[in-house]
Amino acid sequence: MFDLVADVERYPQFLPLCESLVVHSRRKDGDREVLVATMTVAYKFIRESFTTKVLVDRPALSIRAEYLDGPFSYLENDWRFEPHGRGDCIVHFTIDYAFRSATLGLVMGAVFDRAFRKFTDAFEKRADEVYGAAA
């Protein structure tokens, strides 16, 4: 699961509302990989892009997205992976955000909430497609 979440370039293939994702830079910082990426989300006539710095920390089994620019006043996104001995893991996913514009928050807030709640399901479905369904 860690590799699926870290493979941000593939998000448009399976994540709700994700229209595109562009990685602007990628570098190593010790054991971590640091990416700067812009995701464009779209729903009906609304399209918004936001840029985050993504910290991929394989030794710590964590991935964190830090908000840089876009329609939010803040956005925090954390993934933690707790392995089990059977090749599976428990995935901890948190996201917290607020729109900068109250109007955009009213229009898109409920849509984003529903989409973000479906992220875990989308990743589980993607894992089944890539690795095969659990027996």
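The values are calculated or read from the model by the stated rules, or taken from the named source; none is laboratory data. Because the structure is a prediction, the values reported are computed rather than measured. In this analysis, Cβ positions are derived from the backbone assuming ideal geometry, glycine residues included, and neighbour counts consider all displayed protein chains. Ligands, DNA and RNA are stripped out before the accessible areas are found, and what is left, the full protein with its side chains, is counted by its heavy atoms. Shrake-Rupley method; radii C 1.70, N 1.55, O 1.52, S 1.80 Å.
Of all residues in region 12-36 being more than 22 Å from Glu124 (Cβ to Cβ), of a type in the set (A, V, I, L, M, F, W, C) and in contact (Cβ under 8 Å) with a residue 24 or more places away in the chain, which is surrounded by the fewest Cβ atoms within 10 Å (Cβ to Cβ)?
Among those that are more than 22 Å from Glu124 (Cβ to Cβ), of a type in the set (A, V, I, L, M, F, W, C) and in contact (Cβ under 8 Å) with a residue 24 or more places away in the chain, it is Val36.
So, of the residues in region 37-57 that are in contact (Cβ under 8 Å) with a residue 60 or more places away in the chain and surrounded by 16 or more Cβ atoms within 10 Å (Cβ to Cβ), which turns out to be nearest to the chain's Cα centre (by Cα)?
Val41
Kindly evaluate Thr103 against the criterion of being in contact with a Phe, Trp or Tyr (Cβ under 9 Å, 6 or more places away or on another chain) and polar (S, T, N, Q).
So Thr103 fails the test.
Which residue, of Pro59, Pro12, is in a loop (DSSP other than H, G, I, E, B) and not β-branched (Val, Ile, Thr)?
That would be Pro59, the only listed residue that is in a loop (DSSP other than H, G, I, E, B) and not β-branched (Val, Ile, Thr).
Please enumerate the residues belonging to region 89-135 that are without any contact (Cβ under 8 Å) to a residue 40 or more places away in the chain, open to solvent by 70 Å² or more (accessible area, probe 1.4 Å), in a helix (DSSP H, G or I) and over 21 Å from Gln13 (Cα atoms).
Within region 89-135, Ala102, Thr103, Leu106 meet the criteria.
Quick check on region 67-88. Is at least one of its residues at pLDDT 90 or above, surrounded by 15 or more Cβ atoms within 10 Å (Cβ to Cβ), assigned to a strand (DSSP E or B) and hydroxyl-bearing (Ser, Thr, Tyr)?
Yes.
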